[in-house]
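Everything below concerns the one structure shown next.
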Amino acid sequence: MKAIASGDLTLGILGGGQLGKMLIEAASNWNIQCHVLDPDAECSCAHMAHTFVQGSFKDYDTVYNFGKNLQKITIEIEHVNVEALIQLEKEGKTIYPKPAVLQIIQDKGKQKSFYATNDLPTAPFTLLSNLQEVLAGIQNGTITYPFVQKSCTAGYDGKGVAVIRNANDLPKLLEGACVIEQLIDFEKELAVIVARDVDGKTTCFPAVEMEFHPVANLVEFLLAPAIISEQASAKAQKIAEDCITAFGLTGILAVEMFLTKSGEILINEVAPRPHNSGHHTIEANYVSQYEQLLRTIFEIPMGDTTPRDHGVMVNILGEDGYTGEALYEGLKECLAIPGVFVHLYGKKITKPFRKMGHVTIVGKDASAIKATAKLVKEQLKVIA
């Protein structure tokens, strides 16, 4: 086995937000030098990276120049310049995920078509080019209430999605190319994070279930593992494995799914990077999603995804009505509770529903930690 010198391992990361921050924290255990590109000089990674470059990850020249002296590059956000990554790949750089996969996932219309082509279960859908086509479909009856409209591009963290239950919701309709789906009558929203190595071997974290904020459309509570049957859990993991294999992706893939009231499991959408649905793995599993990604990138055998304990994750969102320099109310009280792990993302400015951090609560009793999670949510507030 080849010996590795300390500091020999380097990684470029496009995006310097909280996902990059937690990836750097995992990388620091193995002395991996992380180089980060982000437009915000005060981003979460700015003061943690081995080198930080301020610049747009959407600009061809900036991405190309950032990556040309790096051998391995990954992302913490999908909305990056793929053309630059394609050129870097041609020049021998290794990109995780491959740019061809990113091109599909960046466009929700291409994503949905990919599922249909590869016999991956997903809700029936229609692709439309603009708002006028949506309105025409409603008028001629080919689109019926209730339905969901998703922008093909640029949607992120609950943005770019409109739920249209009746004619009163029509002002919410979005401009531009979009996917139209019938609103799924689901029992639970699930997610599985699956990893795949260079040899095509896959391993899954157990399925989790998510409860969403009614206004922000962001995860409010995450329960790990999901409270579902063994059959449903196995089915969700199989779908995730089939999905990452169909993409031919080396790295990790977060697969969000609906469990319908009839027992079907349908893919909602995917993210080829660390994901909000895997934050709990830092404390609740033997290997975290971040370490697992590093293992696939550096061709280290994948880790054990078995849970150590039950886990509940709560997102810390900026309180509605507050914009300005962040103040954390109730932080000391929450840190005094056994089994509570607080992660603050280092964002200086808060605004309504901005992701400012998360809290993971772990323990042997699932009901008890859910009660603690509700207490944390009531106590820990981000104001200005």
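Note on the stretch 1-92: with charges restricted to the Cβ of Lys and Arg (+1) and Asp and Glu (-1), its dipole about the Cα centre is near 340 debye. Couplings 3J(HN,Hα) for the stretch 187-195, derived from phi with the Karplus relation 6.51 cos²θ - 1.76 cosθ + 1.60 (θ = phi - 60°), are 8, 8, 9, 10, 8, 10, 9, 10, 10 Hz, where x marks Gly and Pro.
Ratio of the stretch 153-231's C-alpha Rg to 2.2 N^0.38 Å, to two decimals? Walk me through the intermediate numbers first.
Values: Rg = 16.4 Å, N = 79, 2.2 N^0.38 = 11.6 Å.
Relative to the rule-of-thumb radius for its length, the stretch 153-231 sits at 1.42.
Which parts of the stretch 184-207 would a label at residue 264 reach, counting a residue when its backbone N lies under 15 Å from a point 7 Å out along Cα-to-Cβ? Counting only backbone N, you get 184-188. Taking all C-alpha pairs of the chain, those more than 30 Å from each other amount to 40 percent. Under a 5 Å amide H cut-off, with hydrogens placed 1.01 Å from N, residue 13 pairs with 35, 36, 37, 74 among residues at least 5 apart or on other chains. Spread over its residues, the convex hull of the C-alpha atoms of the stretch 65-156 is 124 Å³ per residue.
Go through the stretch 254-331 and name the trypsin sites (Lys or Arg not before Pro) that are in a DSSP coil and have 13 or fewer other Cβ atoms within 10 Å of their Cβ.
On the way: sites: 261, 295, 308; in loops: 261, 308.
Passing sites in the stretch 254-331 are 261, 308.
Near the amide H of residue 354, within less than 5 Å, lie the amide hydrogens of 318, all on another chain or at least 5 residues away, with H placed in the peptide plane.
What the phi angles of the stretch 223-235 give under the Karplus curve with 6.51, -1.76 and 1.60, with θ = phi - 60°, is a coupling list of 10, 10, x, 4, 8, 9, 5, 4, 5, 5, 4, 5, 5 Hz, glycine and proline written as x. For the stretch 186-383, the Kirkwood radius over C-alpha pairs fed into Stokes-Einstein at 37 °C and 0.692 mPa s yields D = 189 µm² per second.
When the chain is treated as a Gaussian network with alpha carbon springs shorter than 10 Å, the biggest mean-square fluctuation among 119, 197, 38 belongs to 119. For the stretch 154-244, the set of GluC sites (Glu not before Pro) satisfying both a DSSP loop assignment and a count of at most 11 other C-beta atoms within 10 Å is given as 175. Compactness check for the stretch 10-96: Cα Rg over 2.2 N^0.38 Å is 0.97.
Our coupling estimate for the stretch 89-97, obtained by passing each phi through the Karplus curve with A = 6.51, B = -1.76, C = 1.60 and θ = phi - 60°, is 5, 4, 8, x, 6, 9, 10, 10, x Hz, Gly and Pro reported as x.
Check each of the GluC sites (Glu not before Pro) in the stretch 72-133 and keep only those in coil by DSSP with at most 14 other C-beta atoms within 10 angstrom; list them in order. Let's see the in-between values first.
Working: sites: 76, 78, 83, 89, 91, 133; in loops: 76, 78, 91.
Here the sparse-neighbourhood loop sites are 91.
Straightening the chain between residue 306 and residue 110 buys 67.2 nm, computed as 0.36 nm per residue apart minus the Cα-Cα spacing.
Roughly how many debye, to the nearest 20, is the charge dipole of the stretch 129-249 about its Cα centre, given +1 on each Lys and Arg Cβ, -1 on each Asp and Glu Cβ, and no other charges? Mind dumping the intermediate values first?
Details: 9 positive and 16 negative charges, 33 e Å.
Using Cβ point charges on Lys, Arg, Asp and Glu, the stretch 129-249 gives about 160 debye.
With a simple spin-label model that places each label point 7 Å from the Cα along the Cα-to-Cβ direction, the separation between residue 383 and residue 31 comes to 4.7 nm.
Since every read-out is calculated from the coordinates, none of them should be taken as a lab result. All of these numbers come straight from a predicted model, not from anything done at the bench. Ideal geometry is used to build each Cβ from the backbone, glycine not excepted, and the neighbour counts take in all protein chains shown.
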